[in-house]
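Asker: First the structure, then my questions, so here it is.
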Amino acid sequence: MINEQKNNKMKEEIKNKKEAEKVKEKQKIEEVKKESEKEGMEGKEAKKKGEKEKQVEEKKEKEKEVIKKTATVKATTKGKDLPISTKQAVAICSFIKNKKLHDALALLEQVRKKKKAVPMKGEIPHRHSMPKGKPAGRYPVKAADYFIKLIKNLTANAIMKGLNVENLKINTAKADKASRPRRPTRIAYGRKRFKRTHILLETGKTKEDKKRIKNNGKIRNKKIRKK
């Protein structure tokens, strides 16, 4: 009897040990699963963050490349021996200078339709469409037509060189006198001269591009100090 009781106790102890070991194994498996899930979530988040950082860096590099291109490349167009008045061409150049290409085209279209006058110096009739402080002006329709053609040519040259046309401005607009050949007429002893003008239009890097290049692709807004 005593031996049977001992055997039963031994069997029960062995069963309890096995059950405790099974419970421990289950707990270990659950802990391992939880840790793997956490690592998986952290890995996915880390991958997403890494991809986002890579995309941001690529965008910055592309912006820097575009800024360098706009800083180094310029687009120009020239009109030689154009049959327009030099005085009108000079007035249109000052009217167009430091304006965006599409804005300049819109203004010249209004001039061609005689809805907006070009400011000029000297004794010139008053135009009601002139801005305040500049009452003298005219509607140089013929010269405006030639300038529209030149600005369209300038935009095409800028596109071919890979510049961003929307932000480009006309940096230089210059009009010079050309050689004026004589033409036979019945007045002035047959020595009247033709109207001839050279025009130069140029676009390229702007002040914002220069600031970005100095600040490595960033524009720093200066704080205005209150006096």
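Throughout, read-outs are computed from the coordinates displayed, never taken from laboratory work. In this text the structure is predicted, and so the values were computed from the model without any measurement.
Asker: For the pairs Lys121/Lys169; Lys59/Lys169; Lys80/Lys174; Lys34/Lys54; Lys121/Lys142, note any where the Cα-Cα span goes beyond 21 Å.
Answerer: Values: Lys121/Lys169 24 Å; Lys59/Lys169 24 Å; Lys80/Lys174 12 Å; Lys34/Lys54 30 Å; Lys121/Lys142 19 Å.
Correct reply: Lys121/Lys169; Lys59/Lys169; Lys34/Lys54.
Asker: Amide H of Thr197: which non-local residues (sequence gap of 5 or more, or other chain) have their own amide H closer than 5 Å, using H built in the peptide plane?
Answerer: Under 5 Å from the amide H of Thr197: Asp81, Leu82, Ile84, Ala178.
Asker: Region 133-164 to region 166-185: how many Å between their Cα centroids?
Answerer: 11
Asker: Determine ³J(HN,Hα), in whole Hz, for all residues of region 113-122 in sequence, where each value follows from phi through the Karplus function 6.51 cos²θ - 1.76 cosθ + 1.60 and θ = phi - 60°; x replaces Gly and Pro.
Answerer: Result, rounded to whole Hz: 8, 6, 9, 9, 9, 8, x, 9, 8, x.
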